[in-house]
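**Q** Below: one structure in structure tokens.
The values are calculated or read from the model by the stated rules, or taken from the named source; none is laboratory data. This is a predicted model, so every value here is computed, not measured. Ideal geometry is used to build each Cβ from the backbone, glycine not excepted, and the neighbour counts take in all protein chains shown. What goes into the accessible areas is simple: the full protein's heavy atoms, side chains included, and nothing from ligands, DNA or RNA. Shrake-Rupley method; radii C 1.70, N 1.55, O 1.52, S 1.80 Å.
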Amino acid sequence: MNKTWNESVRNSLKSANQCNVYFGHKRFHEANFPIKVPLEFAERIDKSNPLDPLLLQILPKETETIKGFLDSPVLDEQYSPVKGLIHKYPSRVLLISSSVCAIHCQYCFRQNFDYESHDILKNWDDIESYLSKNKEVNEVILSGGDPLTLSDKKISKILKKIESISHIKTLRIHTRTAVVIPSRITQELIEILNITKLKVVIVFHINHAQEISDEFVKNIQALRGLTLLNQSVLLKDVNDNAKVLADLSYKLFESSILPYYLHLLDKVSGAERFLISDKKAKEIYKLLQKSIPGYLLPRMVRDEGGESKNLVL
Ligand code: SF4
């Protein structure tokens, strides 16, 4: 019998020791950002390749912090008028809907975020009052953590609350869980997302074509009526290559997902080894531009911690 997604979460590798035993080496050690790797993701790693692009994303920090790398590089707290809500752009707000992720990506810019105080259901009255007053907001983004680590029941509850605010028309979900544990796309979730009156946009977070399993491709077919996009982070030794990025774009397209953003790394302490110079990033992007059609080209952006995303090219 297939595992449920909750069982997959419970069975994830959650310590350096478990990872070292699973992969048969000693490269994992306990670090500031705890290790968490679902077996579905681990199974996609080539154990014989020490430079496997999926393995490199989950290995804890090996290098010292270098100048310019900060605990909180994107200044989320400064744009949080109400706990649980981040408002950087006039027409949309982001809700920190979960403090949990299905996987711990070692380059994550929110690895030091104070999730404890940002619970949206605990702070809902304040969030609702803020949204009611700010009528220019027409889109709510569920982020985290990862909103798909919440139960379907809780997601449904949050959606009903958002639907009750008449000027909110669009719901966006940012998720990496769906690709690292494809069974998370349950029948109940599909129904919730297909019946809501909100226009639904799902933005997956996939960095490499190797992350995309047949099960993921099969399961997302039921979401094809929604807008499906992807964002990646440009990571040294993981996907810093035009061919790798082109392969990802084509694989996404086969899966009915359009590439949306290619983020330059947020300079969070612990992520130093993933940094690519702007010069190299632009060279890669120019090659990518030549090798794929425009509709498969993600926009290369950097979050400056301020109000706008800067288009780098
Ligand atoms: S899934 Fe997203 S929020 Fe969670 S650790 Fe990875 S990058 Fe960070």
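**Q** Any residue in the range 89-109 that is closer than 26 Å to Ser156 by Cβ sitting within a Cβ distance under 8 Å of a residue that is within 7 Å of the ligand (Cβ to nearest atom) and open to solvent by 30 Å² or more (accessible area, probe 1.4 Å)? List the pairs, counting only those 6 or more apart or interchain.
**A** Cys101/Cys108
**Q** Under the condition of being more than 19 Å from the chain's Cα centre (by Cα) and surrounded by fewer than 19 Cβ atoms within 10 Å (Cβ to Cβ), which residue from the range 139-161 is nearest to Thr4 (Cα to Cα)?
**A** In this case the residue turns out to be Lys153.
**Q** Do we have Gln57 as closer than 19 Å to Phe33 by Cα and at pLDDT 95 or above here?
**A** Spelling it out, Gln57 is indeed closer than 19 Å to Phe33 by Cα and at pLDDT 95 or above.
**Q** Before we move on, is Ile212 buried (at least 19 other Cβ atoms within 10 Å of the Cβ), out of contact with any Lys or Arg (no Cβ under 8 Å at 6 or more places or on another chain) and touching a residue at least 24 places away in the same chain (Cβ under 8 Å)?
**A** For Ile212, the condition - buried (at least 19 other Cβ atoms within 10 Å of the Cβ), out of contact with any Lys or Arg (no Cβ under 8 Å at 6 or more places or on another chain) and touching a residue at least 24 places away in the same chain (Cβ under 8 Å) - is not met.
**Q** Okay, moving on. Looking at (1) open to solvent by 10 Å² or more (accessible area, probe 1.4 Å); (2) modelled with pLDDT of 95 or more; (3) assigned to a loop (DSSP other than H, G, I, E, B), find the lone condition where Leu121 falls short.
**A** For Leu121, the failing item is (2).
**Q** Which of the residues that make up the range 251-270 are closer than 23 Å to Ile58 by Cβ, out of contact with any Pro (no Cβ under 9 Å at 6 or more places or on another chain) and among the small types (Gly, Ala, Ser)?
**A** Ser255
**Q** I'd like the full set of residues that are surrounded by 15 or more Cβ atoms within 10 Å (Cβ to Cβ) and of a type outside the set (Ser, Thr, Tyr), limited to the range 15-28.
**A** Those that are surrounded by 15 or more Cβ atoms within 10 Å (Cβ to Cβ) and of a type outside the set (Ser, Thr, Tyr): Ala16, Gln18, Cys19, Asn20, Phe23, Phe28.
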